[in-house]
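What follows draws every value from the coordinates through simple rules; no lab data is involved. Being a predicted model, the structure only gives us computed values, none of them experimental. Using ideal geometry, Cβ is built from the backbone for each residue, glycine included, and neighbour counts are taken over all protein chains shown.
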Amino acid sequence: MSRRTWAELFVLAALWGVVYLLIAVALRGLPPVLVVFGRVALGALVLTPLALHRGVLQPLVRHPWVVIQVVLVQATVPLLLLTFGQQHIPSSLAGVIVGAQPLFVALLATWFARNERPQGWRGVLGIALGIVGLILLFGLDLHTGKEALLGGGLVLTAALCYAAGALMIHLRLGDADPLGVAAAAMLVSTIALVVPGLLMLPRRVPSPGTLGALITLGVVCTGMTLALFYKLIAQAGPSRAALAFYLSPAFAVVFGWIFLHEHIAVTTVLGLGAIVIGSALAAHRAGARDQSPGRSPGSGAMASWSYRRAGPRAQGIRGNCAPPS
């Protein structure tokens, strides 16, 4: 890859990693439900016009119940779990725990998507390393009380939902364009949360920092990351573009340390390393190759293929429907 492509990959990883910092800042002035509602509503404003322009929402309208089920599991519920969980744990730990998502994809695929299950000794070693990383985090980093364990459990459940949602997309919406699925996720989540979100509107206007974090979370960490991810898929191929997902937990740790003065324990670093390496090994597919970058970003076959092969961002749009996060 060229230096420019590497730079863009690191920018994408940083944008995915900063999500947890932005959630932490937004939670200082807004309740969790309103943070999620604002995030998905702003994301819908960014993604819906793009999806309509490309005509990728219309095919999903034919399967409304499938879309609603997938979106609830892959976006609405995990976003709520993540945001509620971040009330009780540092943003850096949240980023590391969500980074374990490929481990759950590998484990669930063993029963529900055999063509995506972990392969050979690499897959077994990857899952084992990831579990060791989670034990380090929950056994040592989250030993400070019941609230910390609750927060960690909520974020871990969010990662499990992201993984289950990714497999549901693979199995039930495998031919759908990722941009259409992402826009549908934002729209359905906005509709689901509009009433509770409006009921929790604050009496006073939140601080500029809170509003800035929420706007950045919804606009930049959704629209810009999607566009950049598609560009990287076209230039470098989906497998290399997916490297940004594995780098994003490290950015979450660094951002939390620098901007929120979060304590970074040795066990956090060891857990991060074990989870990232384990996730990469568990997600490895023998003989998998990147497609030619000749197709334009977001074009049907290329986008659908990237969804299935670059699993993290059935996520990252995820995520950030995620995002991801």
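In units of the compact-protein estimate 2.2 N^0.38 Å, the stretch 3-319 shows a Cα radius of gyration of 0.93. Look at where the Cα atoms of the stretch 26-59 and of the stretch 65-102 average out, and the two centres are 15 Å apart.
Starting from the Cα of ALA7, move 7 Å in the Cα-to-Cβ direction to define the label point; list residues of the stretch 220-253 whose amide nitrogen is under 13 Å from there. Residues passing the 13 Å test: none.
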